[in-house]
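Read the figures in this text as sums done on the coordinates, not as results from a lab. Just so it is clear, the structure is predicted and the values come from calculations on it, not from any experiment. FYI the Cβ positions are ideal-geometry reconstructions off the backbone, even for glycines, and counts take in every protein chain you see.
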């Protein structure tokens, strides 16, 4: 995420419960991915988990971006 997005998320999270939940979920997925990807070897099951987490993280990021875009449009 770009720095300006992070600043806007921080500003809006206290007012927008959906954004706050999506952001917390995004951070959780990042932590889970870091933990799995730090392993020297992943089992096939772990590789599937990594792919699933990445899909969920991307979906959440898309929703976050949509919320931020709407917010920016309202400010204009």
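In the chain, the calculated helix contribution to ellipticity at 222 nm averages -28500 deg cm²/dmol per residue, counting -39,500 (n - 2.57) for every DSSP H run with n ≥ 4. Cβ-Cβ distance of residue 33 and residue 69, R₀ of 30 Å, FRET efficiency by 1/(1 + (r/R0)^6): the value works out to about 0.75.
Over all Cα atoms in the chain, the spread is summed up by Rg and Dmax: 14.7, 49 Å.
Between residue 5 and residue 41, the C-beta separation translates, for a Förster distance of 22 Å, into a calculated FRET efficiency of about 0.05.
Spacing of the modelled spin labels on residue 76 and residue 25, each 7 Å from Cα toward Cβ, amounts to 2.7 nm. If you take the beta carbon distance between residue 17 and residue 55 as r and set R0 to 22 Å, what does 1/(1 + (r/R0)^6) give as a FRET efficiency, to the nearest 0.05? Efficiency computed from Cβ-Cβ geometry: 0.40. Once the Cα atoms are used to define both axes, helix 44-75 deviates from the longest principal axis of the chain by about 10 degrees.
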